[in-house]
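J.: Sharing a structure, written as structure tokens. Questions coming.
Every read-out reported here was derived from the displayed coordinates using simple, explicitly stated rules and does not represent laboratory data. Values in this document were obtained by computation on a predicted structure and should not be read as measured data. Quick reminder, even Gly has a Cβ in these numbers, built from the backbone with ideal geometry, and neighbours come from all protein chains shown.
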2 protein chains.
Amino acid sequence: MLERKIYLSNLPLDRARELFLNAALKRKMGAEELDTRLAAGRVTAEPVFASISSPHYHAAAMDGVAVKAADTFGAAPTAPRRLILKQNAFPVDTGGALPPECDAVIMIEDIIFPDRDNPEVIEIREAVAPWQHVRSIGEDVVAAEMIIPSYHLIRPFDLGALLSGGIFKLRVLKKPLISLIPTGLEIIPPGKIPEAGEIIESNTYTSAAAIENWGGEYIRQPVVRDEVDMLERAVRRAVRHSDLVLISAGSSAGRRDHTYRVLDRMGEVLVHGVAMRPGKPVVLALVDGVPVAGLPGYPVASYMVLELFIKPLLYAWQKQPLPAGEMLYASSSRRILSSLKEEEFLRLKVGKVNDKFIATPLPRGSGVSMSLVRADGLAVIPQDKEGVEAGEGLTVTLWRTRRDVENTIVCLGSHDLSLDILADHLKRGDYPYSLSSAHVGSMGGIMSLQREETHIAGLHLLDPERGDYNIPYLERYLPGKGIHLVHLARRELGLIIAPGNPRNISGIEDLTREDVLFVNRQKGAGTRVFLDYRLSKQGIGPEKIKGYSREEFNHLAVAAAVKGGSADVGLGIRAAASTLGMDFIPLAWEQYDLAIAPAFYDTLPCLALLEAISSPAFRTAVERMGGYDLKDSGKLLTM
Amino acid sequence: MLERKIYLSNLPLDRARELFLNAALKRKMGAEELDTRLAAGRVTAEPVFASISSPHYHAAAMDGVAVKAADTFGAAPTAPRRLILKQNAFPVDTGGALPPECDAVIMIEDIIFPDRDNPEVIEIREAVAPWQHVRSIGEDVVAAEMIIPSYHLIRPFDLGALLSGGIFKLRVLKKPLISLIPTGLEIIPPGKIPEAGEIIESNTYTSAAAIENWGGEYIRQPVVRDEVDMLERAVRRAVRHSDLVLISAGSSAGRRDHTYRVLDRMGEVLVHGVAMRPGKPVVLALVDGVPVAGLPGYPVASYMVLELFIKPLLYAWQKQPLPAGEMLYASSSRRILSSLKEEEFLRLKVGKVNDKFIATPLPRGSGVSMSLVRADGLAVIPQDKEGVEAGEGLTVTLWRTRRDVENTIVCLGSHDLSLDILADHLKRGDYPYSLSSAHVGSMGGIMSLQREETHIAGLHLLDPERGDYNIPYLERYLPGKGIHLVHLARRELGLIIAPGNPRNISGIEDLTREDVLFVNRQKGAGTRVFLDYRLSKQGIGPEKIKGYSREEFNHLAVAAAVKGGSADVGLGIRAAASTLGMDFIPLAWEQYDLAIAPAFYDTLPCLALLEAISSPAFRTAVERMGGYDLKDSGKLLTM
């Protein structure tokens, strides 16, 4: 019933890639003939030599008249020469053919019509040299010259030279054809809201789009249930007509993961398990000379295998250099521990704060696809390194441009839904700036300001003694730093409970009940400070609350926990409750402000942000969620 | 019959672009709903908020058994705890749903089967914390959180997060739709070899491919003859369903160019004539709120207008930043004069010689489409600058990567067809290097070596006194420089004449005949040195040769001149004659060598080049052209 893991090797990434590429590249892309007009973006399979010259006749380079240069010899201002149109001077347009015997063109500007009654007579006051204003044969393309070599990626303007050189068809490399086989009992196609245990198929759609970006074509096979014989039949069919087969999921060593077994039976497994994270449980094999990869099921792991194994293969097949991302040197905003067993690929947020690039790792789990979406770039912690210290340098390969990163406003601190909406309004505005927020809690935001690692921190910290928000904390932790505090919103805080209040909760005091399971926020979160303040005011010890130690990192995660039934109640904002259709018991209005680093305050991006905060469109959008009051938003509270 | 030019303004480029973009961007791209699976590469029209969480249930993060953590409390190596499968321990695979009541997963590696006879009994030796190895609801995506904002270019991995977040359809910006109208009496569609005066339509194919690269879609209209009413009808139809209309050619002020007149009648002409080169005669107008551009007919001019006006418009419509090319600072290899009337866009070859980037301008005519094909990048000479001096710095916007430029072997000197073939063989080989040759004649090559602006120079210079090739010139012009001379080929030189020898030419002496028109090579070309040597040996003064002063810059251009009838005879190599089907009167075998700069000689790219030169495939390919002897190719002659 329970099967043991099949042994996974732990091959270093470079070695694994070398093994795979060497084997896979024995297969070559053939060539196909294509209409030149459709050839942009394709790669030549052979050099292309012009079949005709361009121009292929002597052509006028100006509008004017074509003449025999010798007929003009001796003409001068003092000795004008008359010519007769259609006899020894022939009107020509730019690009037109010179009549036989003509070897020069006189621009229309240099022609005089001396006789009003006879428009056929023209006069010139200067002799012209042979071949003046003439594009002679082959000025652009000479017949038989090489227009473009083999393995040349055809650009739009290459079409112009090719067509002008009489090349109407040409041989290009075939595009690599990749079969995608999604596997798994639990996989359902996109389109319906899944039941528990069902997973919406997404990896093969990501793979398909990546393959197209990298110059390949794909065929998607139907989902294969985790059954050895069915998988074998699907692979057998796919290798017959594909250059590469990608089996999605089923590459780890789980109970139902048959990919390794099937590939081992059908062909030669080159690699099973690579010392990389995410992406470790990849299987790479050859079946009938066709490379087959078993991709891990987790989205980040699957994508990293595409990026590190499949992308180099597709570029090599198409004889194109692997595009190198822009690099940037950034210091890590925190200590990151990493295993000595693997090379780890960190997804990072990168921002430029005080002229220094700061990198902050995103959640490292291989199931967190949002860590790819939110990433500005990747950095590698080598296998023999235990991690990086806070402040240590990291070489980041950017996924955005350096300019985009420089135009990003970094906001670390507490999460609020209004920040998402603010980011969107900024993006829709006229400025090139974007807002990137990472959720580290209010105290985390204050610490980031202290370490000068963020432009802005989102805060909602209640001072229990003064009953005041945020300012006491700035005075305590950032005295004399000149932080500007700008009010963003007041929001309603309360208990998030299941619809209809099945546990009959009426207030904080119910959290101690034996039949009530609480879900908390992480330490340092403003919401948790508020909870602890209320608990101590009411004399309730945290140890009396079941679930006090379970921490979620934002309001929506708390509401989702209640919705999912893993908790009965949590503390959060009304908007989070109503978004997920939960009920809400209001407790207080709390104040959410943005603390802005002094060096950032007067900059253009900050002005753009403040403009967005004060815009009616932003206020309306936030207040529409319910539980928000923005009447004072944009007010400067301290400076 | 001859009409005067319509006045062209000379608006500065920045001003013209501002006028055009401000007017054109009043038109906005609408939105359309799209299946998420097809959305990669498109731009969101609004923010996308997750409709479900992912995971949307508590999911096992490991293969193993799901348990209630409380059931394991107290377990220790000294106090193992037994659990019964399917009663209080439930096998789960990674990604599977936890059964109700379970809140933790124990990895299969940590499970012991104590009883061989009863596989349902398992034993654990450690307590587990609640939520261990569980991906709780929303770990990746939390329902209602913003997955991506407005105006976000959707990448492959965004699809994963969108689908997992239950987004099966989304609203994206429509792609700008561009109508292409080719115009001109002389235009013929690609597919047949053109007659004199006919021009193969190529600009709208270049435009179409560029539009697709920049995110737009296009419709090509049939070719419109240069007739005002027809053009007006075509534009009227196009503006009804397009976001932008491009009229190809017909924008200069020639006799048959009606674009300006038609647009002036139909709408508002914003710009007619821009102070830029190439691209001056552009017309930019608005017709019924739709921007319409009349593109110049010359391919380089047309492309520059696309690049400088149309590309920014398409990116702005799609709310995407204009991609900035990589920049590089290079010194100009020569003096370049430029008009004060225009901003000039130079197409440049760039190479790295002795750790310094050297830029060499390509032919500057707006009809030379090969100058785009061959360019490594662009540089601008501002309107108020008369040009640049040799050695002066230029800021080059690269069209290739810096790495590609660094991997380019620069060869300046005499042209030979074998260099094209060598470049192709290098490209087909296993090395990342490419050979880029520009044709400046043998003496030009020697001067470039002297100025350290080239890695290699192709030479075939006969020393009339010693009867020897190349070495005497190296001794004279590059004494003690340590140049390595490598033999490439011997090639047959002779007179290129029309098929059947209609002028009855039998040798050099016939060049002085009254009825024989010669075409010469440029000063400094080895072929010209050979000619002058022969003439002086035979006591013939150059002034006796009709056409002696007409210079062409390579063998094929000479053969093309003979083929086209603008000359009766020229001096060149047999391969050029036979390629164009001309006859040939052999005169001598000359020696073509490569002179290699000493600092380049021992580098990897040079070794790769020498390997290609010595390869049998290269020799065969060159000798197949006829008139070549490569038996000694690759021999080192001096060092």
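J.: Report, as a whole number in µm² per second, the diffusion coefficient that Stokes-Einstein gives for region A:191-252 at 37 °C and 0.692 mPa s using the Kirkwood radius over alpha carbon pairs.
T.: 246 µm²/s
J.: While we're looking at this one, here's another question. Please give the helix A:441-450 orientation as an angle from the longest Cα principal axis of chain A, in degrees from 0 to 90, rounded to the nearest 10.
T.: Helix A:441-450 and the main axis of chain A meet at about 60 degrees.
J.: A further question on this structure: Apply the a/c threshold of 1.5 to the C-alpha gyration tensor of region B:420-513 and tell me whether it is rounded, prolate or oblate.
T.: oblate
J.: Using packing as a proxy for protection, rank B:227-235, A:195-203, A:28-36 so that the peptide with the highest average count of other Cβ atoms within 10 Å comes first.
T.: With the highest mean Cβ count within 10 Å placed first, the list reads A:195-203, B:227-235, A:28-36.
J.: As an exercise, use a Förster radius of 45 Å and the Cβ-Cβ distance of A:Glu123 and B:Asp229 to find the FRET efficiency, rounded to the nearest 0.05.
T.: 0.85
J.: Here's another thing I want to ask about it. Go through B:Leu394, B:Asn554, B:Ile446 and say which Cα lies farthest out towards the positive end of the charge dipole of chain B; charges sit on Cβ, +1 for Lys and Arg, -1 for Asp and Glu.
T.: Of the options given, the answer is B:Asn554.
J.: Apply the a/c threshold of 1.5 to the C-alpha gyration tensor of region A:126-273 and tell me whether it is rounded, prolate or oblate.
T.: prolate
J.: Something else now. Please work out which residue of chain B brings its Cβ closest to the axis of the rotation superposing B onto A, and round that distance to whole Å.
T.: Taking Cβ atoms only, the nearest residue and its distance are B:Glu326, 4.
J.: Which whole-number percent gives the relative contact order of region B:327-396, counting Cα pairs below 8 Å spaced six or more residues apart?
T.: 50 percent.
J.: Given points 7 Å out from each Cα along the Cα-Cβ axis, report the A:Arg27 to B:Glu514 separation in nanometres with one decimal.
T.: Output for this residue pair reads 7.4 nm.
J.: Applying a 10 Å radius around every beta-carbon, put B:289-296, A:580-587 in order of their mean neighbour count, most first.
T.: B:289-296, A:580-587
J.: While we're on this one: Would you mind classifying region B:10-110 by shape? Square roots of the alpha carbon gyration tensor eigenvalues, ordered a ≥ b ≥ c; an a/c under 1.5 is rounded, otherwise it is prolate if a/b is larger than b/c and oblate if not.
T.: Cα axes put region B:10-110 in the prolate bin.
J.: If the convex hull of the alpha-carbon atoms of region A:340-439 is projected onto planes in all directions, what is the mean projected area in square nanometres?
T.: Mean projected area of the Cα convex hull: 7.1 nm².
J.: Mind listing the phi-derived Karplus ³J(HN,Hα) values for region B:317-331, rounded to whole Hz, using 6.51, -1.76 and 1.60 with θ = phi - 60°, and x for any glycine or proline?
T.: Ordered by residue, 3J(HN,Hα) equals 4, 8, 6, 10, x, 5, x, 9, x, 5, 10, 7, 9, 9, 9 Hz.
J.: Evaluate the charge dipole of the protein assembly as shown about its Cα centre and quote only its size in Debye, nearest 20, assuming +1 on the Cβ of each Lys and Arg and -1 on the Cβ of each Asp and Glu.
T.: My answer is approximately 460 debye.
J.: Just tell me how shielded B:90-102 is by partners: mean number of partner chain Cβ atoms within 10 Å of each residue's Cβ, no decimals.
T.: Mean partner shielding for this stretch: 5.
J.: Would you work out the relative contact order for chain B, in percent, from Cα pairs under 8 angstrom that are 6 or more residues apart?
T.: 11 percent
J.: If you add up the charges near B:Gly197, with Lys and Arg at +1 and Asp and Glu at -1, over every other residue whose beta carbon is less than 12 angstrom from its beta carbon, what do you get?
T.: -4
J.: May I pose another question? Hey, rough spin-label estimate for A:Glu268 and A:Lys169, points 7 angstrom out along Cα→Cβ, what's it come to in nanometres?
T.: 3.8 nm
J.: Hull surface divided by four, with the convex hull built on the Cα atoms of chain B: how many nm²?
T.: 42.5 nm²
J.: What does the structure give for B:57-65 when I average, per residue, the other chain Cβ atoms found within 10 Å of the residue Cβ?
T.: If you average over the peptide's residues, the count of other-chain Cβ atoms is 4.
J.: Given label points at 7 Å from Cα along Cα→Cβ, what nm distances, shortest first, separate A:Lys26 from the same residue in every other copy?
T.: Once sorted, the set of distances for A:Lys26 reads 6.6 nm.
J.: Per Stokes-Einstein, at 37 °C and 0.692 mPa s, what whole-number D in µm² s⁻¹ belongs to region A:454-602, with the Kirkwood radius over Cα pairs as the hydrodynamic radius?
T.: It diffuses with D of about 204 µm²/s by this estimate.
J.: Shifting gears a bit: Roughly how big is region A:456-638's charge dipole about its Cα centre, with Cβ charges of +1 (Lys, Arg) and -1 (Asp, Glu), in debye to the nearest 20?
T.: 120 debye
J.: Given 4 °C and 1.567 mPa s, how large is the Stokes-Einstein diffusion coefficient of the protein assembly as shown in µm²/s, with Rh as the Kirkwood radius over Cα pairs?
T.: The estimated diffusion coefficient comes to 37 µm²/s.
J.: Going highest first, how would you order A:14-20, B:614-620 by mean Cβ packing within 10 Å?
T.: Highest to lowest by the protection proxy: A:14-20, B:614-620.
J.: Here's a follow-up. Averaged over peptide A:553-563, how many Cβ atoms belonging to another chain are found within 10 Å of each residue's Cβ?
T.: 5
J.: Any lysines with Cα under 20 Å of the A:Lys26 Cα? List them, leaving off those in the same chain fewer than 8 positions away.
T.: Of all the lysines, those that pass the test against A:Lys26 - Cα under 20 Å, at least 8 places apart if same chain - are A:Lys174, A:Lys175, A:Lys311, A:Lys319, B:Lys427.
J.: Okay, next question. Give me a comma-separated list of calculated 3J(HN,Hα) values for region A:115-120, in order, Karplus coefficients 6.51, -1.76, 1.60 applied at θ = phi - 60°, integers in Hz, x for any Gly or Pro.
T.: Coupling constants for region A:115-120: 10, 4, 7, 10, x, 7 Hz.
J.: Determine the sum of side-chain charges near A:Ile124: Lys and Arg each +1, Asp and Glu each -1, restricted to other residues whose C-beta is under 9 angstrom from that of A:Ile124.
T.: Here the charged neighbours net out to 0.
J.: What whole number of Å gives the distance from the Cα centroid of region A:412-488 to the Cα centroid of region A:125-162?
T.: So the separation of the two Cα centres works out to 61 Å.
J.: While we're here: For the protein assembly as shown, what is the mean residue ellipticity at 222 nm derived from helices alone (per DSSP H run of n ≥ 4: -39500 (n - 2.57); sum divided by total residues; nearest 500 deg cm²/dmol)?
T.: Calculated mean residue ellipticity at 222 nm is -7000 deg cm²/dmol.
J.: Measuring from a point 7 Å out along Cα→Cβ, what nm distances, shortest first, does A:Gly541 have to its partners in the other copies?
T.: Spacings between copies for this position, smallest first, are 12.2 nm.
J.: Over all pairs of distinct alpha carbons, what does the Kirkwood formula give as the hydrodynamic radius of region B:59-135, in Å?
T.: Computed over region B:59-135, the radius equals 12.0 Å.
J.: Would you work out which of B:Pro586, B:Pro616, B:Tyr601 lies farthest towards the positive end of the dipole of region B:585-639, given +1 charges on the beta-carbon of Lys and Arg and -1 on that of Asp and Glu, about the Cα centre?
T.: Value computed over the given set: B:Pro616.
J.: Ok, one more. Taking amide hydrogens as modeled 1.01 Å from N in the peptide plane, which residues meet the under 5 Å criterion relative to B:Leu493, leaving out close sequence neighbours?
T.: Amide H to amide H, under 5 Å and 5 or more residues apart or across chains, B:Leu493 pairs with B:Leu587, B:Ala588, B:Trp589, B:Glu590.
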